[in-house]
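Asks: First the structure, then my questions, so here it is.
The values are calculated or read from the model by the stated rules, or taken from the named source; none is laboratory data. Just so it is clear, the structure is predicted and the values come from calculations on it, not from any experiment. Note that we place each Cβ from the backbone using ideal geometry, even for glycine, and neighbour counts take in every protein chain shown. Remember, those area values only see protein heavy atoms, side chains included, never the ligands or the DNA or RNA. Shrake-Rupley method; radii C 1.70, N 1.55, O 1.52, S 1.80 Å.
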Amino acid sequence: MQLTMVFLILLLLLYANALQPVALLTGATGRTGQLVTNLMLDQGFRCNIFCRNEQRAREIFHGKSNIEFIQGELINHDDIQAAFDNTKQQKLSHVVYMAGGDNIDYKCVNYQAVAAFAEEAAKCETMRHFVVVSTAWATKPYSIASLLFNSMYIDTVPMASHYLGEQAVRKAASMNENLNYVVLRATGLNSDENYAKKYPDAVSMELTYQQGDNFDFFGIAGKPGMSRNQLANAIVSA
């Protein structure tokens, strides 16, 4: 009788593990990434964190279960392929690409690495969802905001890199009919408190998201922004 119960419990555990959604995330140690990772863990995901500094990632998510760390570089295609090979064995179903930040190589991080992740995702039979965090104005290279931002860089065009990364995801999705994708163009990220201070009109009107591609110096639309919690919830909902 006891052996039968043990056997049934083991079967239930194996069944539950097989149903557990598995995600591969980049940018998980960032401010928005931490919110997203914790939300996904709360929803029952097994999260595989692709990170440059595994020790720092372990410190950030210390004590968390259902999480695995994969150290690698976004500039190294072999590292990316190895991460997918590892997570495919767990029946990878979701990719959340949030890598970014200050002083980065936009061409590498927002185009080439996104394309590599999308290409590997398209090859994975169990993949279902690919979410990439892009930026506002990615499709408007001649807007005032894009021209000002791009002029700060000599060897790369940030907005073009974001747009090419988005296109790479679309191309990958066309190669795998089961792969759905969502592109989120975020900008002006704030804490909930700062968001309320900077955008009181939007808060009073209960606007969750503001138009990001319409750059106008007047009115609410001229100050595109959202709180990090809003973006994190949008990513997980996608």
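Asks: In segment 168-179, which residues are surrounded by 15 or more Cβ atoms within 10 Å (Cβ to Cβ) and part of a helix (DSSP H, G or I)? Break it down into steps so the answer makes sense when it comes.
Replies: Pass one, segment 168-179, residues surrounded by 15 or more Cβ atoms within 10 Å (Cβ to Cβ): 168-169, 172-173, 176, 179.
Across segment 168-179, the qualifying residues are ALA168, VAL169, ALA172, ALA173.
Asks: Select from segment 88-97 the residues that are open to solvent by less than 20 Å² (accessible area, probe 1.4 Å) and part of a loop (DSSP other than H, G, I, E, B) and list them in ascending order.
Replies: Going through segment 88-97, the residues open to solvent by less than 20 Å² (accessible area, probe 1.4 Å) turn out to be 92-93, 95-97.
If the condition is that a residue be open to solvent by less than 20 Å² (accessible area, probe 1.4 Å) and part of a loop (DSSP other than H, G, I, E, B), then LEU92, SER93 are the ones that fit.
Asks: A further question on this structure: Does ASP85 fit the bill of being modelled with pLDDT of 95 or more, among the acidic types (Asp, Glu) and either open to solvent by less than 20 Å² (accessible area, probe 1.4 Å) or not in a loop (DSSP other than H, G, I, E, B) (or both)? Let's see the steps before the verdict.
Replies: Values: modelled with pLDDT of 95 or more: no; among the acidic types (Asp, Glu): yes; either open to solvent by less than 20 Å² (accessible area, probe 1.4 Å) or not in a loop (DSSP other than H, G, I, E, B) (or both): yes.
No.
Asks: Just checking, does segment 45-54 include any residue being at pLDDT 95 or above, in a helix (DSSP H, G or I) and within 23 Å of GLY100 (Cβ to Cβ)?
Replies: Among the residues of segment 45-54, at least one is at pLDDT 95 or above, in a helix (DSSP H, G or I) and within 23 Å of GLY100 (Cβ to Cβ), which makes the answer yes.
Asks: Still on this structure: Considering each of VAL157, VAL182 in turn, give the residue that is open to solvent by less than 70 Å² (accessible area, probe 1.4 Å) and at negative phi. Let's see the steps before the verdict.
Replies: Numbers: VAL157 fails: open to solvent by less than 70 Å² (accessible area, probe 1.4 Å).
The match here is VAL182.
Asks: So, one more: Filtering segment 98-152 down to residues that are at pLDDT 75 or above, in a helix (DSSP H, G or I) and among the hydroxyl-bearing types (Ser, Thr, Tyr), which residue is most open to solvent (accessible area, probe 1.4 Å)?
Replies: Step by step, filter segment 98-152, then rank; the result is TYR111.
Asks: Need pairs with beta-carbon distance below 8 Å; first residue on the phi < 0 side of the Ramachandran plot and open to solvent by less than 100 Å² (accessible area, probe 1.4 Å) and within segment 49-62, second part of a strand (DSSP E or B) and of a type in the set (D, E, K, R); sequence gap 6+ or separate chains.
Replies: ILE49/GLU68
Asks: A further question follows. Assuming LEU231 fulfils every condition listed in (1) part of a loop (DSSP other than H, G, I, E, B); (2) more than 18 Å from PHE117 (Cβ to Cβ); (3) touching a strand residue (DSSP E or B) at 6+ places or on another chain (Cβ under 8 Å); (4) modelled with pLDDT of 75 or more apart from one, which condition is it?
Replies: Only one criterion in (1) part of a loop (DSSP other than H, G, I, E, B); (2) more than 18 Å from PHE117 (Cβ to Cβ); (3) touching a strand residue (DSSP E or B) at 6+ places or on another chain (Cβ under 8 Å); (4) modelled with pLDDT of 75 or more is unmet by LEU231, namely (1).
Asks: Across segment 189-228, which residue is least open to solvent (accessible area, probe 1.4 Å) among those that are part of a helix (DSSP H, G or I) and at pLDDT below 65?
Replies: Of all residues in segment 189-228, those part of a helix (DSSP H, G or I) come to 192-198, 200-204, 220-222, 228.
Going one step further and asking which of them are at pLDDT below 65, we end up with 220-222.
Numbers: ILE220: 47, ALA221: 32, GLY222: 12 Å².
Out of the qualifying residues, it is GLY222.
Asks: Among the residues of segment 63-75, is there at least one that is in a helix (DSSP H, G or I) and not hydroxyl-bearing (Ser, Thr, Tyr)? Give the derivation first.
Replies: We begin by selecting, within segment 63-75, every residue in a helix (DSSP H, G or I); these are none.
No; the residues of segment 63-75 include none that is in a helix (DSSP H, G or I) and not hydroxyl-bearing (Ser, Thr, Tyr).
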